[in-house]
1. So residue 112 fits all but one of (1) within 18 Å of the chain's Cα centre (by Cα); (2) touching a residue at least 24 places away in the same chain (Cβ under 8 Å); (3) surrounded by fewer than 18 Cβ atoms within 10 Å (Cβ to Cβ); (4) more than 20 Å from residue 41 (Cβ to Cβ); what number is the exception?
2. Kindly list the number of the only condition in (1) within 25 Å of residue 181 (Cβ to Cβ); (2) within 18 Å of the chain's Cα centre (by Cα) that fails for residue 95.
3. Applying the selection to the stretch 130-173, what residues are closer than 21 Å to residue 12 by Cβ and assigned to a helix (DSSP H, G or I)?
4. Testing residue 149 on (1) within 18 Å of the chain's Cα centre (by Cα); (2) loosely packed, with under 14 Cβ neighbours inside 10 Å; (3) free of Cβ contacts under 8 Å to residues at least 40 places away in the same chain, one condition comes back false. Which one is that?
């Protein structure tokens, strides 16, 4: 079998009552027949290998299995190792790496429609900025993310953005260093 390496980014894991042990998540992925399963920090990042090549099919299969096993819906966003490595190496914003700058990446199931992508990219505040790539939204925040009000702005709410899960780009880079390098 020619194994492909993937990362599943799970939404809402380790929030509220949704706190399965990472060992349980690992077992649930192994139950699906995946190999080399590893978890990274307790926020729903699972690295695995499989001969399957269709990431959308993997998202659906994993989400269904997790919902059946855990008793609640778990939105699942799958990326290839190459896609994740490319994210980590990219410098989407010139301020990347500067003190006080946080960059988050939001994982989507599919590319945003052009009009919505353009409108979101056009929303800027003194502390927030967005860039959109294929199936990701990059959010630069110049204050603590909890202090940003960008997600409550009427123009952001009016976009009715699809379900996504966000990760700090620093965490993505640490995941790459530990599991994909």
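1. (3)
2. The number of the failed condition is (2).
3. If the condition is that a residue be closer than 21 Å to residue 12 by Cβ and assigned to a helix (DSSP H, G or I), then 145, 146, 150, 151, 152, 156, 157, 169, 170, 171, 172 are the ones that fit.
4. Against the list (1) within 18 Å of the chain's Cα centre (by Cα); (2) loosely packed, with under 14 Cβ neighbours inside 10 Å; (3) free of Cβ contacts under 8 Å to residues at least 40 places away in the same chain, residue 149 comes up short only on (1).
We did not get these values from a lab; they are worked out from the coordinates using the rules stated. None of these values were measured; they are calculated from a predicted model. Using ideal geometry, Cβ is built from the backbone for each residue, glycine included, and neighbour counts are taken over all protein chains shown.
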